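The values are calculated or read from the model by the stated rules, or taken from the named source; none is laboratory data. Everything numeric here is computed off the predicted structure, so don't read it as measured data. With ideal geometry, Cβ positions are generated from the backbone for all residues, glycine too; neighbour counts draw on all protein chains shown.
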Amino acid sequence: MSTAERQTDTTDDSLGVLVSRASQQISELVREEMRLARAEMTQKGKRFGKGGGLFGAASLIGILAAQALVATCIAALALVLPLWASALIVTAVLAAAAAAAAFAGKKQIAEAGSPAPERTVDSVKADLAEIKGKAHR
């Protein structure tokens, strides 16, 4: 074997070893990054869970506060009207507000139209027609 052949053989072995090491190191790096990502997502998931629970508690407390405000309004009106009349008035005002919100919501939904992405569907149909037209030429 000549010197040139031995150098090429040694270079090939070295290159093969280097490629093998690089592949192994990349694989280890990817595994470590995946472990880090998993740990980070677990930590974030716990925080999102706690945050969601706190938002739920805030919603419940807000509903209770609104109920207390309604009772306060009834009590305040009861100072000048009989209790039953003040309760009836507050109930009527709340019912009117609920009806107004329902009608406004219904109007928004009606204006939104179909839930399907109509412009996108039309665009896809036009694209398909264009492709079919070019295919037949």
Return the pairs, sorted by first residue and then second, in which the second residue is surrounded by 10 or more Cβ atoms within 10 Å (Cβ to Cβ), the first residue lies in the stretch 94-110 and is outside the structural domain of GLN67 (by TED's automatic domain parsing), the beta carbons are less than 9 Å apart, and the residues are 6+ apart or on different chains.
-> LEU94/VAL70
The one condition VAL80 fails out of (1) loosely packed, with under 12 Cβ neighbours inside 10 Å; (2) part of a helix (DSSP H, G or I) is (2)
Could you count how many residues in the stretch 93-131 are exposed (fewer than 10 other Cβ atoms within 10 Å of the Cβ) and either touching a Leu at 6+ places or on another chain (Cβ under 6 Å) or among the basic types (Lys, Arg) (or both)?
-> 1
